[in-house]
1. Give the residues of segment 177-191 that are buried (at least 20 other Cβ atoms within 10 Å of the Cβ) and either touching a Lys or Arg at 6+ places or on another chain (Cβ under 6 Å) or more than 18 Å from residue 104 (Cα to Cα) (or both), sorted by residue number.
2. Please go through segment 40-69 and pick out each residue that is surrounded by fewer than 15 Cβ atoms within 10 Å (Cβ to Cβ) and either on the phi > 0 side of the Ramachandran plot or modelled with pLDDT of 95 or more (or both).
3. Could you list, in sequence order, the residues of segment 216-274 that are surrounded by 14 or more Cβ atoms within 10 Å (Cβ to Cβ), more than 19 Å from residue 299 (Cβ to Cβ) and small (Gly, Ala, Ser)?
4. Please work out which residue is farthest from residue 123 (Cα to Cα), limiting yourself to segment 301-326 and to residues that are small (Gly, Ala, Ser) and touching a Leu at 6+ places or on another chain (Cβ under 9 Å).
5. Across segment 413-437, what is the total count of residues that are in a helix (DSSP H, G or I) and over 25 Å from residue 98 (Cβ atoms)?
6. Give the residues of segment 122-180 that are acidic (Asp, Glu), touching a residue at least 60 places away in the same chain (Cβ under 8 Å) and touching a strand residue (DSSP E or B) at 6+ places or on another chain (Cβ under 9 Å), sorted by residue number.
7. Please indicate, with yes or no, whether at least one residue in segment 99-121 is of a type in the set (Asp, Glu), more than 21 Å from residue 309 (Cα to Cα) and not assigned by TED's automatic domain parsing to the domain that holds residue 355.
8. For segment 371-394, does any single residue satisfy the condition of being touching a Lys or Arg at 6+ places or on another chain (Cβ under 6 Å), assigned to a strand (DSSP E or B) and outside the structural domain of residue 249 (by TED's automatic domain parsing)?
Amino acid sequence: MKELYQTFLNSKGVCIDSRKIRKGEIFFAIKGPNFDANRFAVKAIENGALAAVVDNPKIAGNHPDFFVVADALKTMQQLANHHRKKFEGSVFALTGSNGKTTTKELIKSVLCQKYKVHATGGNYNNLIGLPYTILNSKAGTELMVLEMGANAPGEIAQLCQISEPDIGMITNIGKAHLEGFGTLEGVIRAKSELYDKLAEREGTALVNLAEKYLEANSTKVPNRVFYSSSEQQKNDRELIVQAKLMAHYPEMKVRFKLRDSNQSTEINCQLTGRYNFPNIVSAIATGAFYGLSQEEIAAGIAAFKPFTNRSEIINFRTNSVFLDAYNANPSSMRASIDHFLENFPNPRILILGDMLELGKDSMEEHRQLVRDLQEKNDEYEQLWLVGQEFGKLNVDAPILHFPSAEKVSEELKKQGLENHSILLKGSRGIGLERVIDSK
């Protein structure tokens with residue numbers, strides 16, 4: 001490890017895709033279910049890699065720029081942990097069932113007003129992406145903001161072992177990834193692994209009192225900072241921030257006041273949707289914890305723009321599309337639908353993709369969602385369902401079912417809709433954004 005770490009310090013970071021290698025980086029040959037990246041190690045060196053970490057001795061041979069290890073992924077994780085131990089700044093970790101990526105980006109936008117921040121990019125929030133993120137932090141970084149995703153018990157604990165966070169936050173706990181966690185209780189235990197690790201390190205948890213399960217499950221953490229995204233908060237806890245949602249469509253307006261301030265500040269946000277209010281308050285609370293002024297926090301929130309299929313309003317021909325198709329589970333699906341029905345004008349079309357990774361509860365959750373929507377059928381013109389899970393319900397007209405996003409796109413062209421409001425909401429694997437790729 002000592003020799004590899006010294007090579008790392010002389011490098012320009014790490015890479016796990018030989019096609020994207022930049023001169024001076026270290027290539028880690030991570031194996032996948034359908035490929036062996038060891039086969040691309042020589043090519044990575046030819047393309048400018050400083051070194052390659054491989055776990056196939058036959059491929060490595062006697063190449064002078066190869067580090068041969070037992071497991072390339074575990075080695076990357078160990079190297080990331082070693083690098084984290086050398087890091088003198090603060091490590092902030094967050095996880096949750098809904099909103100964690102938006103919250104992470106909001107927190108990054110806020111903290112960048114005062115600190116040099118390095119944060120998780122894209123969906124690099126797993127056992128490959130998190131060590132990759134740590135190892136690609138730049139010199140002079142003062143704060144790391146690390147998003148943690150998990151599909152099974154124990155994964156959050158592993159991510160914490162690698163990153164050793166000082167401060168942490170769970171955005172919320174709901175029915176997500178039930179296929180891996182089994183039950184809601186399993187989700188609660190898995191997400192609370194972050195609290196367990198913070199307790200071991202005598203760290204600090206930022207706790208939203210408005211969200212179920214968080215206060216009760218964070219009691220083991222020795223240092224807790226409380227905030228609330230509910231204006232009806234009756235808890236007698238002292239809050240680090242007080243906030244009020246003034247407007248939520250088409251753009252949000254939030255007024256807030258920090259604990260030690262006598263004056264409120266109003267922010268015009270570029271987000272939309274009442275369900276984004278907890279994400280914004282979480283970012284405000286994080287900024288307050290790290291000592292930012294109200295003005296700095298407001299500037300960070302105001303600068304944030306929605307991205308990558310999250311709460312975006314898009315003009316599609318003559319129609320207005322609310323694109324919220326980055327992911328979906330029962331709670332986030334209902335939040336998007338409620339926002340859409342409340343704020344977008346008639347005629348409305350709901351185009352909903354499967355909620356994936358719900359395990360044994362999948363059929364019932366999809367069936368119950370459709371039942372609930374049938375009771376609201378006077379609030380929309382059409383309901384279109386997309387994917388195999390919805391297909392198992394054998395729905396009848398006027399509800400339409402499509403096997404894929406491409407078939408939905410074909411139907412939209414066929415109907416030639418004009419001046420409609422269209423909701424696109426579904427799990428990442430359905431790819432509903434493809435519906436409007438071709439105008």
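The values are calculated or read from the model by the stated rules, or taken from the named source; none is laboratory data. Predicted model only: the values in this text are computed from it and were never measured. No Cβ is skipped: glycine too gets one built from the backbone with ideal geometry, and neighbour counts run over all protein chains shown.
1. Step one: filter segment 177-191 for residues buried (at least 20 other Cβ atoms within 10 Å of the Cβ), giving 177-178, 181, 187, 190-191.
Once the filter is applied, which keeps residues that are buried (at least 20 other Cβ atoms within 10 Å of the Cβ) and either touching a Lys or Arg at 6+ places or on another chain (Cβ under 6 Å) or more than 18 Å from residue 104 (Cα to Cα) (or both), segment 177-191 yields 177, 178, 181, 187, 190.
2. Residues satisfying the conditions are 48, 61.
3. Selection gives 218, 228, 229, 230, 273.
4. First, pick out the residues of segment 301-326 that are small (Gly, Ala, Ser): 302-303, 311, 320, 325.
Imposing the further condition that a residue be touching a Leu at 6+ places or on another chain (Cβ under 9 Å) reduces the set to 311, 325.
On the way: 311: 17, 325: 14 Å.
Ranking the candidates gives 311 first.
5. Filtering segment 413-437 down to residues in a helix (DSSP H, G or I) leaves 413-415, 428-430, 432-436.
If we keep only those that are over 25 Å from residue 98 (Cβ atoms) too, we end up with 413-415.
Of the residues in segment 413-437, 3 are in a helix (DSSP H, G or I) and over 25 Å from residue 98 (Cβ atoms).
6. Going residue by residue through segment 122-180, those that are acidic (Asp, Glu) are 142, 147, 155, 164, 166, 179.
Narrowing further to those that are touching a residue at least 60 places away in the same chain (Cβ under 8 Å): 164, 166, 179.
Listed by number, the residues that qualify are 164, 166.
7. Our first condition is that a residue be of a type in the set (Asp, Glu); within segment 99-121, this holds for 105.
Next, only the ones that are more than 21 Å from residue 309 (Cα to Cα) stay: none.
So far as segment 99-121 goes, no, none of its residues is of a type in the set (Asp, Glu), more than 21 Å from residue 309 (Cα to Cα) and not assigned by TED's automatic domain parsing to the domain that holds residue 355.
8. There is no residue in segment 371-394 that is touching a Lys or Arg at 6+ places or on another chain (Cβ under 6 Å), assigned to a strand (DSSP E or B) and outside the structural domain of residue 249 (by TED's automatic domain parsing).
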